[in-house]
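The values are calculated or read from the model by the stated rules, or taken from the named source; none is laboratory data. Source: prediction; values computed, not measured. With ideal geometry, Cβ positions are generated from the backbone for all residues, glycine too; neighbour counts draw on all protein chains shown.
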Amino acid sequence: MDGLRLRRLHDRQHDGDRRRHGTLPRIPRQRLTRPPFRRSEGAAADPLPRPPPRPPSTGPQDANMDARPAELTATDFPAIEDYAAVGNLETVAMIGCNGAVELFCYPHFDSPAIFAAALDRNAGSFVLRPTFARRGVQRYIENTNVLVTRYEKHDAVVEVTDFMPIGDPADANQLVRIATVLEGEAEIAASCKPAFDYARGPTAAHKSGDHIVFEDGGVTLPMRLAATHPLSLDGVEATASARLGAGERMVLVLVMDDAKQHLLNDGGVDRALEETLDYWRGWTAKSDYDGPWKGMVMRSALALKLMFSDRHGAIVAAPTFGLPEAIGGERNWDYRYCWVRDSAFTIYAMLRLGFYDEAENYRTWIRDRIEEREHETIALMYRVDGTTNLDETTLDHLSGHRGSQPVRIGNAAYRQTQLDIFGEVVDTLYLSQKFIAPMDERLWRDVSRLVDAAASTWHHPGSGFWEMRGEPTRFLDAHLMSWVALDRAIRLADRTGLPQNPAWRENRSRIVDTIETQFWNPKVGAYTQTLGGDKVDATALLMPLMKYTSTMSERFQSTLHVIEKRLVFGPRVRRYEPIGEEQEGLDGPAEGSFVACSFWYIEALARSARVEEAKTRFEEMLAMASPTGLFAEEVDAMGRHLGNTPQALSHLAMISAAVALDRAITNGGEAF
């Protein structure tokens, strides 16, 4: 690993006070997560960051992994890894290193976007930064989701603090931006130009006293922008500017106008900031994890927590939509919904860190989803409020991130058959009754319905874990996770005396027989992706994690070896081998390596007594995190992020790998 990456990793893991803190006195001195910004003249002309060097590779050369077409040079888009997230447990604002809010669905995760410049430079943004710089260095205040972006030149230092208040319900649904001059003097400029309904609806603005009110014709509530400095209005763009000296600041508050109040009314900005810091610090303090990668693990936990809806108990897969899995390609999905699979895995990660309230809320949420469909099984994904109107459409008026079209909203995968979801849900509920509270009769009846469904459908074709859009087929992951549903239900019933269906044991045995005779390919030496197939899939790495087989079993080790030859490139792992448009249902440039699969591989190494190798690969993956410690869905061959971000599946897999690696080190490198 090159020196820059090592320094970035070191700075994330070891907190050091590397800066002088200026005003906003209630914020304690904080620690940077990467080396301090180099002072230089002409910061406004700084280019976008160079891609990091290619990580070391021990696998085959993956020439197709860098999917960025050379002709796409729209450098005014920040890279995906240059966005960071702030949120209030109802929605998230994505803020670029350029000081702009560029993706913000408001007031809920799955509401229409009001800022979408990340997907089209004319689709609305909210900028606050000094005029001497176009980009800054981002970091989170330790153990919080409060973001600070620092701008420097030879004679001035400015920091912009961004947060969404949590703590006082009266402060809900507000986005607060604070620009503070720490050294010297600087011209601070702000521009707020919403574009309602994904930039396809009407947007109007007018002055109301010293505020600016934005409206879309009555479809949603108006929005009010307030500032400590005079606001001007030009069409639908509100602006403010002021030359400030050391210790001075400009504050802007964007709020839904239902209560016609905001934090600047009563001087409540500092109070709200302190309450928000206290909330996040109090939440992280509940964790009992104290492993060697605690800093990055807590950052992943905080990223996951941002994806929880406090109102509904749902967990979204990512707070963004339309960010491409291949630059210039069509894999531009909407992940602002609650996948049953991803939610279950998220709760599993939370339980491993000692966050039990989230698991209890999930039990209630999933119970309600089961019970509301009396004669059907659960859906595979939901809106945040529990509804399933997820019809997919494209926003053809948006150019897409760096030309990646189409931009999709909704998700047609909700109509698919994905048989793995039963296993993820039942396994999570099995664990939650172990860590939280025994399963009562009501919940057991609901769980039994899911297990009965798994027993009767495990052999059906479906779209699989990866939501293939081609012809349904029989995937290994569906059989594996159906086995998990039956196995956990049988274990729980045997342990507690709860009633069980005799068909569960019979079908559990039948699934094992099918996996061992029809998914095991002796010519390949591996468990294959499909029934009777010859290609491997990274979901096979989950087999020992799900306790289907021993990590050191001959067949799993052989499968791991084949996966390493076919899918592994250094620390990065592809989801599956090329399978063609017929099965995928998609065309276009190749996607990147899947972050979750990379961490599954690392965990498999740790469990296989290959601890030093696992540790090296783990640190290489951590070095590919964004400057603020976030992971998107994928990374390309140069370590650049692809897909929606932050991605729940990536962060929860990172947590699982960290816990497993810590255990392997503690156990002296023995297999488990």
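Annotations for the structure displayed:
- Residue satisfying all of: in the stretch 200-243; among the basic types (Lys, Arg) and under 23 Å from CYS105 (Cβ atoms); farthest from the chain's Cα centre (by Cα) among these: ARG224
- Looking across VAL158, VAL181, one residue alone is in contact (Cβ under 8 Å) with a residue 24 or more places away in the chain, of a type in the set (A, V, I, L, M) and either touching a Leu at 6+ places or on another chain (Cβ under 6 Å) or in a loop (DSSP other than H, G, I, E, B) (or both). It is VAL181.
- Test result for ILE511, in the same structural domain as ARG449 (by TED's automatic domain parsing), under 22 Å from GLY464 (Cα atoms) and in contact with a Ser or Thr (Cβ under 8 Å, 6 or more places away or on another chain): yes
- Count - residues of the stretch 197-227 that are surrounded by fewer than 17 Cβ atoms within 10 Å (Cβ to Cβ) and farther than 30 Å from GLY410 by Cα: 5
- Set side by side, the residues ARG469, ARG488, ARG474 differ, and just one is surrounded by 22 or more Cβ atoms within 10 Å (Cβ to Cβ) and within 28 Å of GLU633 (Cβ to Cβ), which is ARG488.
- The combined condition, being assigned to a helix (DSSP H, G or I), surrounded by 17 or more Cβ atoms within 10 Å (Cβ to Cβ) and more than 29 Å from the chain's Cα centre (by Cα), is fulfilled by SER448.
- Every listed requirement among (1) touching a residue at least 40 places away in the same chain (Cβ under 8 Å); (2) under 26 Å from LEU351 (Cα atoms); (3) of a type outside the set (Val, Ile, Thr) is met by LEU642 save one, (2).
- Some residue of the stretch 516-528 being part of a helix (DSSP H, G or I) and surrounded by fewer than 16 Cβ atoms within 10 Å (Cβ to Cβ): yes
- A count restricted to the stretch 472-506 and to residues that are of a type in the set (Asp, Glu) and within 35 Å of the chain's Cα centre (by Cα) stands at 2.
- Test result for GLU71, at negative phi, assigned to a loop (DSSP other than H, G, I, E, B) and at pLDDT below 50: yes
- Applying the set (1) among the charged types (D, E, K, R); (2) over 22 Å from LEU542 (Cβ atoms); (3) in contact with a Lys or Arg (Cβ under 9 Å, 6 or more places away or on another chain); (4) at pLDDT below 95 to GLU584 leaves exactly one unmet item: (2).
- Qualifying residue in the stretch 418-429 (condition: of a type in the set (A, V, I, L, M), under 23 Å from GLU372 (Cα atoms) and in a loop (DSSP other than H, G, I, E, B)): yes
- TRP466 vs. criteria in a helix (DSSP H, G or I), in contact (Cβ under 8 Å) with a residue 40 or more places away in the chain and assigned by TED's automatic domain parsing to the domain that holds LEU649: no
- When the test is whether a residue is polar (S, T, N, Q), modelled with pLDDT of 95 or more and surrounded by fewer than 24 Cβ atoms within 10 Å (Cβ to Cβ), SER482 does not pass it.
- Positions within the stretch 392-417 being closer than 23 Å to GLU371 by Cα and under 22 Å from the mean Cα position of the chain (by Cα), in sequence order: ALA413, TYR414
- Listed here are the helices (runs of 4 or more DSSP H) enclosed by the stretch 572-638 that have at least 2 residues being among the aromatic types (Phe, Trp, Tyr) and crowded, with 19+ Cβ neighbours inside 10 Å: 595-607.
- Among the candidates ARG572, ARG566, ARG555, residue that is more than 29 Å from the chain's Cα centre (by Cα) and of a type in the set (D, E, K, R): ARG555
- Considering the stretch 345-393, and only residues there that are part of a helix (DSSP H, G or I) and among the basic types (Lys, Arg), the residue that is farthest from ILE436 (Cα to Cα) turns out to be ARG369.
- Among the numbered conditions (1) part of a helix (DSSP H, G or I); (2) closer than 25 Å to ALA412 by Cβ, the only one that ILE490 does not meet is (2).
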